[in-house]
Amino acid sequence: MRNGLWMVLVLCALHSTSAFADIIVLAEVNQGQYPEFSVEYVDGEWNVVLSSTGEDNLGGVFRIRSTSNATDIIRYVVCDLDDLTGVGLYVEANPNANGALVKTVKSITSIGEADIVMYLCETSHDVGSIAVHAIGTVVADGNLTGSITSGSNVTKLEIGGAVTGNVSAANGLIKNIEAGGAIGSGGTPISITAHDYVRRVMGASVHAAISATGTGVPYGALARIVSTSGDFTGSLTCERIVPIDQGQYNIDWNIAGDLVADVTCEWYLHSDFTIYVNGSLEGDITFDLDDGLQGQIILNAGNDGGEWNGTITVDDMTLSGPNYTQTSAQIGGGAVGLAPFNFHATNCVPADNATVTAEPGTVTLSHYGPVEKYGQTTVAELKIVRHPLVHFCAECDETVTGQFSWQYAANGRDIVITPGQGYAFEDGYEYHITPVITGETVLRCQGVAGNPVVQSYDYNFKVDVP
Amino acid sequence: MMLSGTSLLAFISVSLLAHASAVAPPTLTAREIDDGYVWLTVGDVDNIKFEGYFGWFAGRGSVPYEYRIAQSEVLTSQHLEFVQAYWPFYDGDPLSEHFTGMFITGRREGNGYVYEVMPGWEDAPNTMSLRMAARFCNWLHNGKVNEQWAFDKGVYDTGTFTRNPDGSYNDDYTRSPDARYWIPTADEWLKAVYYDPNRYGPGKGGWWIHPGSSDERLRIEYPENDGQTNGGLWEWYNSRLPAGMYPHVRTPWGLLDASGGASEHTTDGYSFGSSFLDDIIMVHQYDRAGQPHFPTGRRPETGNSDGLRLAKPARIVGVSHHDR
């Protein structure tokens, strides 16, 4: 019955000539079909060839297991199958042998016409190369030493050690690559390539050329990059850096070391997205469109001497260092902040040192990165002082903080200051707004280790109504 | 002291009941509270065992007691309360997915954290690690007391949640005998999803192959297109997949979303059931009775794509004891 019953037809357990365990191949095929496969033990390793799920090629599932934990090494699994309905494949724990796992799988390939769907490949040590139609989950306590090549999607690579082989989903997507060790190496970066998107890449350090090659929504996207202790080197190319799968964890980058990779984003960094670089920017970041930088980049997020050494370009505009002059609106609405953050003079409204000819209803104090108040509710984190435009004298300084209230904008960088009832940013005065950076109540940086106070600055403007 | 007629009758009743229940240990009255879950009782004690699926769980699936299991997986809105309560005691990253699951967002605010449900995902099952699921059960068991001990003990001893230098884990998911909430065992989960006490006729129990009381694969489609499961239907840029989308697709005991939703933790080191996050071509295989979904025992501290369906004791009809 084509759509109905499946049954186990063959249980094949070959006993090796060694003292070690056996490899078992189980086949689930349709009734009346007789699968064909071979298992050989050569020079201490197993060679498995899957040839047929039966003469009618109605598809099936093959399961490869060991009988003793962590001793069997599979040199190759070759799928020479022509079932157009597709064939499933597991390299899995053996429930009949206390969950015994294959130690290592060096290679899984498909040379027939069937679409091989690898549901799970689980080993106690290493996994080498896999090249099949679709890859579900690969779990290895050791290293991923070979290339992963999927004709469609790669769901999850969960590797306890290092990833040293390329990962490709040229016609689909890559969901998760998570490694306890390094992904690639400084001397030998790997490539991670998908068409639709690359959702999450996490390793101790990341040394890779990462690309999402598709064009047009929903393709060509990339989300989360995490290095837990080292640098991100190599390159990254995509259309959009956006949250993927609407999950919080598929958002933001956290680079524990330096961002050395060159990043090219053809469209935009999403406004909800933050790239945290604990160390320095050493690579170049390029947004091809003039509204490409919609989100936030934070450099020296580790607050440990990180620097802005690379170049950040939005369309034909180069952001010249931590106190760049382009406004957020000019570059897409986002910002780049080198912690601890300074105020963004040109992005304030009115701009720093400006003279306005009408009393502003509100004033926006802007920073290069997100800020927050820390301390007592009743103590202000800003100080507002004014003095008359004419007859300036030190004794003319008047602290007017209490005449104003303020709100933090959704972007976290801007503080919108509003006069209280009966007060105003009055004509004939110069206003100075400074952050409180000492004492129990301060204005401090968000998203930065230790939440340091913001830089000391003096934001000032004149109100001179003709 | 002379008893009134009513009191005397009540006293006699209590005495008779006490005598009648002497065969079974007397228990305290279980005062039912609305804990926000719909509970289904799984009976047919000592049912016939599952024959296994390629050796997977052969001889399992027979449960020698009644128990209750939730009709739906733990929703994101239900999980939120736990996340908000636990973060002050959590020694990991309070913003990691392993803590919040996929559909709860968190942010630093002042000295603490604020959490919210991603809009539109309130009624979707959230994901959580096996260890976090254990703490969730502890917290429920302890009446949602927001203190460290209430998350650490009660059902599962989280003191066993340690890892050895060789990478192996010491996690012990043996539940306490008085557990009020727990993570289903594989036996309990398999029975609740695939076993039917009337599979072959009234009183003739047996096992189905697929969730939804069926030997046929469920149709992967939205309800308006005659779908039966949302397994694999995830579209990362545009989807809403609340629990209970297919009210007409139930296990023999009435469970919803045994296929699709989130794959579900058990304490046997594997999760079961397909997820809407799975590649669509893999859904039917993961739905197959006995086929585990992911080896959660290999990484009990990671979130994966697994959710939680709670279990609890069967309803207790007890007797209140009076000291004389």
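Every number in this text was worked out from the coordinates using simple rules, so none of it is lab data. Computed from a predicted structure; not experimentally measured. Cβ: placed from backbone, ideal geometry, glycine included. Neighbour counts: every protein chain shown.
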- line: In nanometres, the difference between 0.36 nm per residue of separation and the alpha-carbon distance of A:Leu84 and A:Asp427 is 115.5 nm
- request: Which order do the peptides B:125-134, B:209-218 take when ranked by the mean count of other beta-carbon atoms within 10 Å per residue, highest first?
  value: B:125-134, B:209-218
query: Which order do A:Ser150, A:Ser124 fall in if you start with the one that has the fewest other Cβ atoms within 10 Å?
result: A:Ser124, A:Ser150
- prompt: Based on the alpha-carbon gyration tensor of the protein assembly as shown and its eigenvalue square roots a ≥ b ≥ c, which shape applies: rounded if a/c is under 1.5, prolate if not and a/b is larger than b/c, or oblate?
  reply: oblate
message: Quick check: residue separation of B:Tyr90 and B:Arg199 times 0.36 nm, minus the Cα distance between them. What number comes out in nm?
response: 34.7 nm
query: Do any of B:Lys204/B:Lys312; B:Lys49/B:Lys312; B:Lys49/B:Lys191; A:Lys383/A:Lys462; A:Lys106/A:Lys175 go past 18 Å between their Cα atoms, and which?
result: B:Lys204/B:Lys312; B:Lys49/B:Lys312; A:Lys106/A:Lys175
query: What is the average number of partner chain Cβ atoms found within 10 Å of a Cβ in B:273-280?
result: 3
- prompt: How high is the relative contact order of segment A:345-463, given as a whole-number percent (alpha carbon pairs under 8 Å, six or more residues apart)?
  reply: 36
- prompt: What is the mean number of Cβ atoms from other protein chains located within 10 Å of the Cβ atom of each residue in peptide A:211-218, rounded to a whole number?
  reply: 1
- request: Based on other C-beta atoms within 10 Å, arrange A:Glu307, A:Glu113 from fewest to most.
  value: A:Glu113, A:Glu307
statement: The ³J(HN,Hα) series, computed from each phi in segment A:203-210 with the Karplus coefficients 6.51, -1.76 and 1.60 at θ = phi - 60°, rounded to the nearest Hz and given as x for glycine or proline, is x, 4, 9, 10, 10, 7, 9, 10
Acute angle (nearest 10 degrees) that the helix B:5-20 long axis makes with the longest principal axis of chain B, alpha-carbon atoms: 60
- prompt: HN-Hα J couplings of segment A:212-225 from phi, Karplus 6.51/-1.76/1.60, θ = phi - 60°, integer Hz, Gly and Pro as x?
  reply: 10, 8, x, 10, x, 3, x, 8, x, 10, 8, 10, 8, 10
- prompt: Under a point spin-label approximation (7 Å from Cα along Cα-to-Cβ), what is the A:Lys383-B:Thr162 distance to one decimal in nm?
  reply: 5.2
Amide H within-cut-off set for B:Ile104, under 5 Å, with H built and near neighbours excluded: A:Gln248, B:Met118
query: At what distance in angstrom do the alpha carbon centres of segment A:114-140 and segment A:194-231 lie from each other?
result: 20
- line: Longest principal axis of chain B (C-alpha) makes with the long axis of helix B:76-86 (C-alpha) an angle, in degrees to the nearest 10, of 80
- prompt: How would you rank B:171-184, A:267-280, highest first, on the average number of other Cβ atoms within 10 Å across their residues?
  reply: A:267-280, B:171-184
task: Answer with one residue from B:Thr127, B:Tyr195, B:Thr162: the one whose Cα lies farthest towards the positive end of the charge dipole of chain B, charges on Cβ with Lys, Arg +1 and Asp, Glu -1.
output: B:Tyr195
- request: Return the long-range amide H neighbours of B:His293 (sequence gap of 5 or more, or a different chain), with a cut-off of under 5 Å between placed amide H atoms.
  value: B:Ser271, B:Phe272, B:Gly273
field: Antiparallel bridge percentage (DSSP; both residues within segment A:345-463; nearest 5)
entry: 95
task: Please give the calculated 222 nm ellipticity per residue for chain A, where each DSSP H segment of at least 4 residues contributes -39500 (n - 2.57) and the sum is spread over every residue; nearest 500 deg cm²/dmol?
output: 0 deg cm²/dmol
query: Taking Cα centroids, how far is segment B:101-122 from segment A:325-378 in Å?
result: 26
message: As I understand it, the value is the acute angle between the Cα axis of helix B:130-141 and the longest principal axis of the Cα atoms of chain B; what does it come to in degrees, rounded to 10?
response: 30
- prompt: Taking every residue in B:287-297, how many Cβ atoms of other protein chains lie within 10 Å of its Cβ, on average?
  reply: 3
- prompt: Ranked from highest to lowest mean number of other Cβ atoms within 10 Å per residue, what is the order of the peptides B:223-232, B:35-44, A:95-104, B:252-261?
  reply: B:252-261, A:95-104, B:223-232, B:35-44
field: Derived scalar couplings ³J(HN,Hα) [segment B:150-164; Karplus, 6.51 cos²θ - 1.76 cosθ + 1.60; whole Hz; x for Gly, Pro]
entry: 5, 8, 8, 9, x, 10, 10, 8, 6, x, 7, 7, 10, 10, 8
Overall form of chain B per C-alpha gyration tensor (a/c, 1.5; a/b vs b/c): oblate
query: What residues have an amide H closer than 5 Å to that of A:Ser147, excluding those fewer than 5 places away on the same chain, when H is modeled at 1.01 Å from N in the peptide plane?
result: A:Ser129, A:Ile130, A:Asn166
